[in-house]
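Everything on this sheet refers to the single structure shown next.
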Amino acid sequence: MGMQMMLVPLGCPYDAAARVLKGKGLENSLPVSALEAARNDPAVAVAAPMLLAAVTHANQGRTDMWVGLDQTARSLKPWWKVQSGAEWFDAEDSLILGCDAAEVEMRSPGDPFFSPEAGQKLHVTGVLERSGTSDDSLFFVPLATAQRMFGQSNRLTAVAIRLRDPGLVREASQRLQTIPGHRSSR
């Protein structure tokens, strides 16, 4: 089972989605302390930090979505299967591409990758099999790399959560909403 809730910054989710799709940064983010608070909640089985960023390529008419993750995200993505390369990041400059992102970028494991917008040199570690999810078009990097690339040191966009028991969603949501500056969504 994947995630059941997300801890997100206070603010309008529609505004946040519109800003990301237009390639603008989010005005609100979560402090890393939100992750620890979520992990300490008795109803939470897994809390995985995420940092999302949009990189717009106006001349190509597209926006790439980058996602910074740590190892805990793997347990929330049971559909992840590697088409080629490594299953996880082997260094801070690792990049795992969704199958569609790899096709658009014409990249395979072992290839270098430069993001001029973020000024970051990376190397492609793996390419995911088609999953039919949004992961197919995403660019995945280690969380610390994403934080550095996008100037979000010690900040998160969201915390993905799986509960010990899905029946605890209401009580967990009530507790998680008491974390200052945060709200949970189901």
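In region 98-105 there is no residue that is in contact with a helix residue (DSSP H, G or I) (Cβ under 7 Å, 6 or more places away or on another chain), part of a strand (DSSP E or B), of a type outside the set (Val, Ile, Thr) and touching a residue at least 12 places away in the same chain (Cβ under 8 Å). Looking only at region 111-125, how many residues end up being closer than 10 Å to Ser94 by Cα and under 20 Å from the mean Cα position of the chain (by Cα)? Adding up the residues that qualify gives 6. Going by the conditions given, is Trp80 buried (at least 17 other Cβ atoms within 10 Å of the Cβ), over 23 Å from Asn40 (Cα atoms), at pLDDT below 90 and out of contact with any Gly (no Cβ under 6 Å at 6 or more places or on another chain)? When the stated conditions are applied, Trp80 passes them. Taken over region 90-113, the criterion of being more than 20 Å from Gln71 (Cα to Cα) and acidic (Asp, Glu) is satisfied by Asp100, Glu103, Glu105, Asp111. Scanning region 153-167 for residues that are among the hydrophobic types (A, V, I, L, M, F, W, C) and assigned to a loop (DSSP other than H, G, I, E, B) turns up nothing. For region 113-149, which residues satisfy the criterion of being more than 18 Å from Ser84 (Cα to Cα) and assigned to a strand (DSSP E or B)? Answer for region 113-149, where residues must be more than 18 Å from Ser84 (Cα to Cα) and assigned to a strand (DSSP E or B): Phe114, Ser115, Gln120, Lys121, Pro142.
It is to be established whether one or more residues within region 63-73 are assigned to a strand (DSSP E or B), modelled with pLDDT of 90 or more and either over 14 Å from the mean Cα position of the chain (by Cα) or not hydrophobic (A, V, I, L, M, F, W, C) (or both).
yes
For region 67-92, which residues satisfy the criterion of being among the hydrophobic types (A, V, I, L, M, F, W, C) and closer than 20 Å to Gly110 by Cβ? Result: Trp80, Val82, Ala86, Trp88, Phe89, Ala91. Would you check which residues across region 37-62 are modelled with pLDDT of 90 or more and of a type in the set (D, E, K, R) and list them? Selection gives Arg39, Asp41.
Based on what the data block shows, is Glu117 acidic (Asp, Glu) and modelled with pLDDT under 95? Yes, satisfied. For region 112-160, a tally of residues being more than 28 Å from Asp41 (Cα to Cα) and in contact (Cβ under 8 Å) with a residue 60 or more places away in the chain returns 9. Of all residues in region 122-148, those that are at pLDDT 95 or above and either touching a Pro at 6+ places or on another chain (Cβ under 7 Å) or on the phi > 0 side of the Ramachandran plot (or both) total 6.
Report whether or not Gly85 is modelled with pLDDT of 95 or more and more than 30 Å from Leu10 (Cβ to Cβ).
Details: modelled with pLDDT of 95 or more: no; more than 30 Å from Leu10 (Cβ to Cβ): yes.
Considered against the rule, which asks whether it is modelled with pLDDT of 95 or more and more than 30 Å from Leu10 (Cβ to Cβ), Gly85 comes out as no.
Residues in region 119-128 include none that are farther than 14 Å from Ala146 by Cα and out of contact with any Leu (no Cβ under 8 Å at 6 or more places or on another chain).
The values are calculated or read from the model by the stated rules, or taken from the named source; none is laboratory data. These figures come from a predicted structure and were not determined experimentally. Here the Cβ is made from the backbone with ideal geometry for all residues, glycine too, and neighbour counts use every protein chain on show.
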